[in-house]
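Here is the structure we will look at, set down as structure tokens.
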């Protein structure tokens, strides 16, 4: 390898470093915005859950299909939220590996958000009934909810379940599953939330379905926001690692270039000394 070749390689790696550094900074900004949305949306969902637990106290079972499933179907509908783009470390790999371990692809149906999920599920032989990969996920939340709700209420599926990456912090996320329909409610929470009198008009039965639908849609919204924050976080870390690796490559190539240059200088000096001694001895 000559000095000219090494210089070209150093220039190429330097260009890569600039790109990865820029992508790292962009991902950091996007992650901060998504993280703020995660924090801001959580109190609203918790308030909805409290209202639901208050309204459910004293109501008989079976009053809403959103809580108790009457379908005889053994199929489930899975909503899988991945990314459209790569270069985000283990973000998609962890999610799709988790999905592959948990379910049988041929016996269930899927709603996909993200091209990576579409590609994986198609290869595994899964049936995709709706795909929202070609639009902004946050603009498609209502459409995702309506599609899942219609298919569930028509008794096509036993359960509707979310698969996504939950954002924990800048360095950590986890792949989780969350059942949307029928809505999972804890009896202990219903009893805990009965303290204090609530005046509900017109009646608990008349408002409960509307509040439950709102809660389910907000859960989908929260999963999309969580997934976006985790994606940007994972991409930021991946680009930081790539930048660090590029710096190491540049450092090693620079050392190699200096070594070759020094060897060349040394050989030239030896040639000069040899020639001089030959002239003096002749």
Inset, instruction - Starting from segment 114-136, take each residue that is farther than 11 Å from residue 84 by Cβ and list its partners that are surrounded by fewer than 18 Cβ atoms within 10 Å (Cβ to Cβ) and modelled with pLDDT under 90, counting only C-beta distances under 6 angstrom and pairs at least six apart or across chains. - result: 125/106
Legend entry - Matching residues, segment 110-139, being surrounded by 19 or more Cβ atoms within 10 Å (Cβ to Cβ) and either out of contact with any helix residue (DSSP H, G or I) (no Cβ under 8 Å at 6 or more places or on another chain) or closer than 20 Å to residue 225 by Cβ (or both): 111, 112, 113, 114, 116, 117, 118, 132, 137
Inset, instruction - Test residue 151 against the criterion of being crowded, with 18+ Cβ neighbours inside 10 Å and either at pLDDT below 95 or closer than 22 Å to residue 219 by Cβ (or both), and give yes or no. - result: yes
Inset, instruction - Kindly indicate which of 41, 27, 82, 12 is more than 29 Å from the chain's Cα centre (by Cα) and either free of Cβ contacts under 8 Å to residues at least 40 places away in the same chain or assigned by TED's automatic domain parsing to the domain that holds residue 167 (or both). - result: 12
Inset, instruction - Might you let me know whether segment 109-120 holds any residue that is touching a strand residue (DSSP E or B) at 6+ places or on another chain (Cβ under 7 Å), assigned to a helix (DSSP H, G or I) and more than 15 Å from residue 217 (Cα to Cα)? - result: yes
Legend entry - Single residue of segment 173-187 satisfying the filter (at pLDDT below 90 and over 18 Å from residue 77 (Cα atoms)) that is surrounded by the most Cβ atoms within 10 Å (Cβ to Cβ): 185
Inset, instruction - Scan segment 245-263 residue by residue and report those that are exposed (fewer than 13 other Cβ atoms within 10 Å of the Cβ) and free of Cβ contacts under 8 Å to residues at least 12 places away in the same chain. - result: 248, 251, 252, 255, 258, 259, 262, 263
Legend entry - Members of segment 98-109 found to be without any contact (Cβ under 8 Å) to a residue 40 or more places away in the chain and loosely packed, with under 15 Cβ neighbours inside 10 Å, listed by number: 100, 101, 104, 106, 107
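The values are calculated or read from the model by the stated rules, or taken from the named source; none is laboratory data. Remember, it's a predicted structure, so these values are computed and weren't measured experimentally. Cβ sites come from the backbone with ideal geometry, for glycine too, and all protein chains shown count toward neighbours.
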